[in-house]
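Scroll down for the structure; my scribbles are underneath it.
The values are calculated or read from the model by the stated rules, or taken from the named source; none is laboratory data. Because the structure is a prediction, the values reported are computed rather than measured. Because the Cβ atoms are built from the backbone with ideal geometry, glycine has one as well, and the counts that use them run over all protein chains shown. Side chains included, ligands, DNA and RNA excluded: accessible areas come from the protein's heavy atoms. Shrake-Rupley method; radii C 1.70, N 1.55, O 1.52, S 1.80 Å.
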Amino acid sequence: MATLIRGKLSNKLSNAATAVSNKSQAKVSGMFARMGFQAATDEEGLGFAACDDLDYDHRQGMQMDIMTSDEAGGEGEGDAGGQDGDSHYQRDGTGPPRSSSKEVGPNGELSEDRPKITAWEAGWNVTNAIQGMFVLGLPYAILHGGYLGLFLIIFAAVVCCYTGKILIACLYEENEDGQLVRVRDSYVDIANACCAPRFPSLGGHVVNVAQIIELVMTCILYVVVSGNLMYNSFPNMPISQKSWAIIATVALLPCAFLKNLKAVSKFSLLCTLAHFVINVLVIAYCLSRARDWAWDKVKFYIDVKKFPISIGIIVFSYTSQIFLPSLEGNMNKPSEFHCMMKWTHIAACILKGLFALVAYLTWADETKEVITDNLPPGIRAVVNLFLVAKALLSYPLPFFAAVEVLEKSFFSEQENTYFPDCYGGDGRLKSWGLTLRCTLVVFTLLMAIYVPHFALLMGLTGSLTGAGLCFLLPSIFHLKLLWRKLQWHQVFFDVSIFVIGGICSISGFIHSMEGLIEAFKYNIEE
């Protein structure tokens with residue numbers, strides 16, 4: 001009897017100490033979140049809303065979501081397993097479990113205790129995701145689409161804003177009292193719910209595959225743009241674009257040994273501000289040549305062979321849906337999510353449209369894939385060096401997220417994985433884990449060498465994963481999960497988005513692949 005009492009008392013004290021420690025660490029995570037470090041870079045497609053604390057949370061066995069379960073200790077806690085949510089937040093089920101449902105208060109606040117962010121901070125995350133480095137390819141889209149390309153920039157903003165809202169609606173269900181309850185936590189949870197009960201994990205696998213493709217393609221794009229910018233900044237040096245890509249990859253090899261992203265994340269806000277300054281400089285230079293603008297070059301025509309690629313470029317520049325469920329779950333007032341989505345996408349639409357049009361009017365038919373390559377040599381070198389630094393500092397984030405997804409899917413102690421865990425009992429990376437990371441870095445280099453075309457790769461990614469994650473899947477999920485509650489105009493919008501997104505995705509994918517195959521053959525022969 002005395003032994004039982006001592007055991008229970010020990011469990012109580014251990015649970016209390018763990019709760020205090022978790023809450024103190026949550027305050028630190030919340031401080032970093034409010035300082036903007038969670039908005040690590042701009043266009044990683046997934047947003048990486050809390051990527052600076054991601055690896056730290058996994059290694060230390062705690063999460064940003066702190067449960068108010070101080071009294072739920074004892075034997076029950078040891079049996080609680082992890083959920084298969086977004087791999088950004090939970091890789092192997094370690095640490096406190098996430099809640100399966102969250103009730104919304106009368107004013108739209110979440111009832112559980114967690115580090116919260118305001119609507120402005122959430123908007124900053126979304127803005128960084130859709131206003132990033134890859135807007136430099138938008139003038140090239142106008143080159144092949146004219147005014148139709150401008151219309152597509154507006155149309156993509158409207159559609160992505162709408163699909164972001166309906167994706168969040170899929171997280172909630174009504175309880176017996178008619179109140180909305182958050183029963184899902186991630187994009188993966190929504191996908192699995194749509195495929196249940198016949199294929200309960202199929203949807204999650206589809207989303208994870210799309211996520212891996214988008215992350216790896218983002219890494220490849222960073223290497224391609226680094227080689228492109230350096231080659232065009234120093235054209236007189238006897239170094240080819242491929243050689244510059246190799247040099248950039250050598251600088252990126254330490255990413256294979258990363259254990260956390262704290263050091264990298266500290267530069268994220270600075271990189272974002274630097275990129276904003278660069279955009280302002282490009283626009284200022286274009287405005288200084290306003291007298292020479294070629295308005296007659298902007299026409300109502302499309303290049304049938306290349307415009308589908310432009311569609312992929314534009315769609316890729318708006319991808320943010322994959323991280324929206326996690327972002328909305330961390331807002332102190334989720335009821336403000338819709339308003340936040342509206343003003344962020346309106347701002348993105350205006351700024352992207354103006355940037356693309358002004359840059360194209362300045363250089364017209366001479367517009368290049370990366371618009372900074374059109375700048376005069378002196379300004380170009382300075383601007384491109386800043387952009388290369390930003391690309392290299394941004395690379396670790398999608399790289400690390402891709403590694404997380406691969407490790408969770410294939411390398412863990414769980415029954416549904418194929419290989420053993422990449423980490424030992426002491427937390428050290430095993431040999432096959434290091435091999436996986438080095439292989440991924442080398443793969444991004446090989447793709448950048450044999451297909452060094454920024455626009456083609458960006459168009460392919462936007463047509464394949466961008467259209468799928470932003471257009472096709474949200475509309476399908478919305479129809480499947482909320483069919484009985486939808487009004488006729490919502491059904492019409494969802495079906496229309498699915499059809500239009502499917503056409504754009506197929507056409508863009510076909511034309512992008514044709515261009516990539518030709519480029520690959522050319523580089524092989526060379």
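Results for (1) within 24 Å of the chain's Cα centre (by Cα); (2) over 16 Å from L152 (Cα atoms); (3) assigned to a helix (DSSP H, G or I), shown as yes or no for each residue.
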| site | (1), (2), (3) |
| --- | --- |
| C339 | yes, yes, yes |
| H345 | yes, no, yes |
| C349 | yes, no, yes |
| G353 | yes, no, yes |
| L357 | no, no, yes |
| Y360 | no, no, yes |
| K368 | no, yes, no |
| D373 | no, yes, yes |
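Applying the set (1) buried (at least 20 other Cβ atoms within 10 Å of the Cβ); (2) at pLDDT below 90; (3) more than 22 Å from T465 (Cα to Cα) to N208 leaves exactly one unmet item: (3). Do we have L215 as modelled with pLDDT of 85 or more, part of a helix (DSSP H, G or I) and more than 21 Å from S409 (Cα to Cα) here? Here the answer is no, as L215 does not meet what is asked.
The number of residues in segment 251-273 being in a helix (DSSP H, G or I) and either at pLDDT 90 or above or crowded, with 17+ Cβ neighbours inside 10 Å (or both) comes to 9.
Out of A401, A381, one residue alone is under 15 Å from Y285 (Cα atoms) and touching a Ser or Thr at 6+ places or on another chain (Cβ under 8 Å). It is A381. Considering segment 439-484, and only residues there that are under 14 Å from V225 (Cα atoms) and not in a helix (DSSP H, G or I), the residue that is least open to solvent (accessible area, probe 1.4 Å) turns out to be V451. All of (1) open to solvent by less than 30 Å² (accessible area, probe 1.4 Å); (2) within 22 Å of the chain's Cα centre (by Cα); (3) among the aliphatic types (A, V, I, L, M) hold for L436 with one exception: (1). Here L152 clears all of (1) out of contact with any strand residue (DSSP E or B) (no Cβ under 8 Å at 6 or more places or on another chain); (2) open to solvent by 30 Å² or more (accessible area, probe 1.4 Å); (3) over 16 Å from L479 (Cα atoms) except the condition numbered (2).
Regarding V104, is this residue touching a strand residue (DSSP E or B) at 6+ places or on another chain (Cβ under 9 Å), open to solvent by 30 Å² or more (accessible area, probe 1.4 Å), among the hydrophobic types (A, V, I, L, M, F, W, C) and at pLDDT 90 or above? No: the conditions fail for V104.
Of the residues making up segment 342-401, those that are modelled with pLDDT of 85 or more and of a type in the set (F, W, Y) are W343, F355, Y360, W363, Y395, F399. D177 falls short on exactly one of the conditions (1) in a loop (DSSP other than H, G, I, E, B); (2) at pLDDT 90 or above, and that condition is (2).
If you go through segment 510-526 and pick out every residue that is open to solvent by 100 Å² or more (accessible area, probe 1.4 Å) and modelled with pLDDT under 80, you end up with 4. The set of residues in segment 364-375 that are open to solvent by 20 Å² or more (accessible area, probe 1.4 Å) and either touching a residue at least 40 places away in the same chain (Cβ under 8 Å) or of a type in the set (A, V, I, L, M) (or both) comprises D365, K368, E369.
Of the residues making up segment 110-125, those that are at pLDDT below 80 and open to solvent by 40 Å² or more (accessible area, probe 1.4 Å) are S111, D113.
Applying a threshold of 6 Å to beta carbon distances and a minimum spacing of six or more residues, or different chains, the list of pairs starting in segment 457-486 at a residue that is over 11 Å from T163 (Cβ atoms) and ending at one that is part of a loop (DSSP other than H, G, I, E, B) and modelled with pLDDT under 90 reads G466/T319. For segment 278-314, a residue qualifies if it is open to solvent by 90 Å² or more (accessible area, probe 1.4 Å), in a loop (DSSP other than H, G, I, E, B) and among the hydrophobic types (A, V, I, L, M, F, W, C), and the qualifying residues are F300, V304. In the list L136, L167, L143, which residue meets the criterion of being over 18 Å from the mean Cα position of the chain (by Cα) and either assigned to a helix (DSSP H, G or I) or without any contact (Cβ under 8 Å) to a residue 12 or more places away in the chain (or both)? The conditions single out L143.
Given the options S320, S326, name the one that is in contact with a Gly (Cβ under 6 Å, 6 or more places away or on another chain) and either among the hydroxyl-bearing types (S, T, Y) or closer than 23 Å to N228 by Cβ (or both). Criteria check complete, one pass: S320.
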